[in-house]
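Working notes, beginning with the structure itself.
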Amino acid sequence: MTKPTPRLPHQTDDIFLTDGGTETWLLYKRGFELPEFSAFHLLNDQQSAAALREYYIAFANIAVKLGTPFILTA
């Protein structure tokens, strides 16, 4: 007997929260330089990684407050 495969978020009628504008926020609101508009290199130092955590924690807190699943983008 096989188990049913869980449906992906876009295959449901559920509402999900997602973030948007990570690089824009980092560049214009936090002043980080983003070579080729890419944020992954910010994981290489603690201050930059802390800014990324701050960004995602803000969205996670909204999701918790609303009781809504949160889809992280990359």
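Restricting region 30-49 to residues that are part of a loop (DSSP other than H, G, I, E, B) and hydrophobic (A, V, I, L, M, F, W, C), the residue that is nearest to residue 19 (Cα to Cα) is 39. Do we have residue 52 as exposed (fewer than 15 other Cβ atoms within 10 Å of the Cβ) and either part of a helix (DSSP H, G or I) or not acidic (Asp, Glu) (or both) here? It is false that residue 52 is exposed (fewer than 15 other Cβ atoms within 10 Å of the Cβ) and either part of a helix (DSSP H, G or I) or not acidic (Asp, Glu) (or both).
Selection of region 22-33 for residues being over 9 Å from the mean Cα position of the chain (by Cα) and either closer than 15 Å to residue 72 by Cβ or of a type in the set (Ser, Thr, Tyr) (or both) yields 23, 24, 25, 28. The set of residues in region 1-60 being of a type in the set (A, V, I, L, M, F, W, C) and in contact (Cβ under 8 Å) with a residue 12 or more places away in the chain consists of 15, 16, 17, 25, 26, 32, 37, 39, 42, 51, 52, 59. Based on what the data block shows, is residue 5 outside any helix (DSSP H, G or I) and either surrounded by 11 or more Cβ atoms within 10 Å (Cβ to Cβ) or on the phi < 0 side of the Ramachandran plot (or both)? Taking the combined requirement at face value, the residue satisfies it.
Rule-based calculations on the coordinates, nothing more; no lab input. Here the structure is a predicted model, which means the values were calculated and not measured. When we count neighbours, we look across all protein chains shown, and the Cβ atoms used for this are built from the backbone with ideal geometry, even at glycine.
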